[in-house]
Amino acid sequence: MRKIVEIDLSPEEYTTPELLHAAAARRTGMTAAEVKHVEVLRRSLDSRRGIRYHTTVEIYAGEDFVPRDYSGHYQDCHAKPPVVIVGAGPAGLFAALRALELGLKPVIIERGQPVEQRRYDIARLGRSRVVDPESNWCFGEGGAGTYSDGKLYTRSTKRGNIDYVLQRFIEHGADPSIAIDAHAHIGTDRLSGIIANMRHTIETHGGEYHFGTRVVDLVAQPEQGQLRVVGVRDAQGNTYEGVAVVLATGHSARDIYSLFTRRGWALQAKPFALGVRVEHPQSLINEIQYHRSPSMRFLPPAAYSLTTQVDGHGVFSFCMCPGGVIVPAATGAGQQVVNGMSNSQRNSPYANSGIAVTVSPADVPQYADHGALALLRFQQEVEEAAFRAAGDTISAPIQRLTDFCQNRTSQHNNKSNYLGPTVGSPLHELLPPFVVHCLQEGFRQFDRKMHGFLTSQASVLAVESRTSSPVRIPRDETMQHPQLHGLYPCGEGAGYAGGIVSSALDGINAIEKLANYQS
Ligand SMILES: Cc1cc2nc3c(=O)[nH]c(=O)nc-3n(C[C@H](O)[C@H](O)[C@H](O)COP(=O)(O)OP(=O)(O)OC[C@H]3O[C@@H](n4cnc5c(N)ncnc54)[C@H](O)[C@@H]3O)c2cc1C
């Protein structure tokens, strides 16, 4: 017999198998001996009134538990029709895995390097402080998702089958607990191995990878008064052709937006968000979130999610990394960009998150002449200003949070877990005034929600500018570009997704539309 029930558990009960077993037996009126296995199907930690795990469990009595099989159903695609996929980030990789299930041969074109090589390129960036524009924290196998916290939740549940995405991660080496956690995360230390395993699956079933290959143009031919995209051209002049092209180049591929502008292909400006990364001692966030509960020792490093409105702008926390580090996420020379990540154990003594302010074209009318690229130009200029403030290096401008909120230059700065040097800098003068105002007021409001958040123990680092794409590549209901038949823009760079899961789902949706349309 199997029975599914919901149980609220204390942290001790949840983390001690015998106590969990006993609680499940009590809940169903069975004896502990009658319960053969308790499988947790869903769990979420609630610290609002006392600290409790809300769980859904499946209780096995008189029946053996059989672990779930997470394998995908891939076809041998060596001789199947090729589809060109540009970009090996979450959108491109999940499009490729789904292509194998649908009987299409993915040909993946990626400007960066395989994860094994990319690791060395990133280590070199740390030493030389010079960004390689082809292989960095955002570019390379796995895309921006490889060196991330690997948080696997999305605010949107409408886009598709999130379980399918989680299953593909588990199939390739993620801990099966990601399927049950309300706020699952993988950790950057695990992601490279998972991405390499995905490559093995894709190649074994007939897919191809072309690393170190930057796409500079599309190969298109006239068809019934339109252009039909049949492939791409790389920087060396080689072409790669297929039945169609999935464009999944991420929000940092500024050269792709330039290509569209040069060729006169439609693009649109899209609201995005810009701000700072705030960093606190993790112990302080634990105390605030867990109310100094004695159960704290059973609990994971605490997270938070904050959002408010200031003068019509959304101000919100983004990509919160408990026990994390801050990384230099620029993709080219002359830019300073920060982002955050953490290992699976989330065991650094710092908590960080992006705190960003929504920006729309109306906020920066002085950039209107740049048309669809207005917000991109604004984003670039803020990143360039931060780079200059850092002394023309990828050092991160830093300031105490309380000083930032009081328009005061910091005399001393806190230690930071930024992976590089930091440079004391008056961020209240460096960032655009409307962003500064919204951030300052936002921090005051956040302190009312989380007492102690606005503290001199916290720092702000600049600039958190790659939260989402400031440009959209339009597409119609078939997910093709309206002027470019056979081109399927998808993922974060196309402006339809934000984060690993929603980008993966968008890649899956694109390949499904493509397979449907081509058949
Ligand atoms: C440090 C960091 C931490 C993050 N943490 C999280 C997190 O915890 N959870 C979460 O949900 N999201 C996180 N994100 C965001 C997440 O990584 C992105 O939303 C996601 O990777 C977007 O997927 P994508 O496939 O659309 O694009 P990308 O991941 O950006 O991939 C695009 C790929 O295209 C390649 N490319 C670009 N231009 C070209 C070209 N011309 N030719 C060939 N290839 C090209 C790039 O090299 C890249 O590999 C984080 C991002 C960063 C930088």
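The values are calculated or read from the model by the stated rules, or taken from the named source; none is laboratory data. Please read these numbers as outputs of a predicted model, since none were measured by experiment. Positions of Cβ are generated from backbone atoms using ideal geometry, with glycine treated the same way; all protein chains shown enter the neighbour counts. The protein model used for the area step is the full one, side chains on, heavy atoms only, and it has no ligands, DNA or RNA in it. Shrake-Rupley method; radii C 1.70, N 1.55, O 1.52, S 1.80 Å.
Of the residues making up region 55-77, those that are β-branched (Val, Ile, Thr) and surrounded by fewer than 19 Cβ atoms within 10 Å (Cβ to Cβ) are THR56, VAL66.
Listed conditions (1) within 21 Å of ARG346 (Cα to Cα); (2) at pLDDT 90 or above; (3) within 12 Å of the ligand (Cβ to nearest atom) are all met by ILE170, apart from (3).
One residue stands out in region 78-102 among those that are among the charged types (D, E, K, R) and more than 16 Å from the ligand (Cβ to nearest atom): the one that is least open to solvent (accessible area, probe 1.4 Å), namely GLU101.
Of all residues in region 227-251, those satisfying the criterion of being within 11 Å of the ligand (Cβ to nearest atom), part of a strand (DSSP E or B) and surrounded by fewer than 19 Cβ atoms within 10 Å (Cβ to Cβ) are ARG233, ASP234.
Among residues of region 478-513 being among the aliphatic types (A, V, I, L, M) and closer than 22 Å to GLN268 by Cβ, the one that is farthest from the ligand (Cβ to nearest atom) is LEU484. PHE434 meets each of the listed conditions (1) within 16 Å of the ligand (Cβ to nearest atom); (2) of a type in the set (A, V, I, L, M, F, W, C); (3) open to solvent by 10 Å² or more (accessible area, probe 1.4 Å); (4) in contact with a His (Cβ under 8 Å, 6 or more places away or on another chain) apart from (1).
The residues of region 468-477 that are touching a Phe, Trp or Tyr at 6+ places or on another chain (Cβ under 8 Å) and either within 11 Å of the ligand (Cβ to nearest atom) or not hydrophobic (A, V, I, L, M, F, W, C) (or both), listed by number, are SER468, SER469, PRO470, ARG472, ARG475. For GLN440, the criteria (1) outside the structural domain of GLU383 (by TED's automatic domain parsing); (2) open to solvent by 10 Å² or more (accessible area, probe 1.4 Å); (3) at negative phi hold in every case but one, which is (1). Exactly one condition in (1) of a type outside the set (Asp, Glu); (2) open to solvent by less than 50 Å² (accessible area, probe 1.4 Å); (3) not assigned by TED's automatic domain parsing to the domain that holds CYS490 is false for LYS105; which is it? Result: LYS105 fails condition (3) only. Residues considered: VAL382, VAL423. Of these, the only one that is more than 16 Å from the ligand (Cβ to nearest atom), of a type in the set (Val, Ile, Thr), outside any loop (DSSP other than H, G, I, E, B) and under 16 Å from ILE326 (Cβ atoms) is VAL423. ARG127 fulfils the conditions (1) more than 14 Å from the ligand (Cβ to nearest atom); (2) among the basic types (Lys, Arg); (3) surrounded by 15 or more Cβ atoms within 10 Å (Cβ to Cβ) except for a single criterion, (3).
The listed residues are ARG119, ARG52, and the only one of them that is within 21 Å of HIS21 (Cα to Cα) and open to solvent by 70 Å² or more (accessible area, probe 1.4 Å) turns out to be ARG52. Within region 293-310, is there a residue that is on the phi > 0 side of the Ramachandran plot, more than 11 Å from the ligand (Cβ to nearest atom) and among the charged types (D, E, K, R)? Looking for residues that are on the phi > 0 side of the Ramachandran plot, more than 11 Å from the ligand (Cβ to nearest atom) and among the charged types (D, E, K, R), one finds none in region 293-310, hence no. Considering the conditions (1) modelled with pLDDT of 95 or more; (2) surrounded by 17 or more Cβ atoms within 10 Å (Cβ to Cβ); (3) among the small types (Gly, Ala, Ser), GLY371 is excluded by exactly one of them, (2).
Considering HIS428, HIS451, which residue is more than 18 Å from TYR304 (Cα to Cα) and touching a residue at least 24 places away in the same chain (Cβ under 8 Å)? From the options HIS428, HIS451, the qualifying one is HIS428. Among the residues of region 338-366, just one is more than 16 Å from the ligand (Cβ to nearest atom), open to solvent by less than 30 Å² (accessible area, probe 1.4 Å) and either more than 17 Å from LEU430 (Cα to Cα) or not in a strand (DSSP E or B) (or both), namely VAL364.
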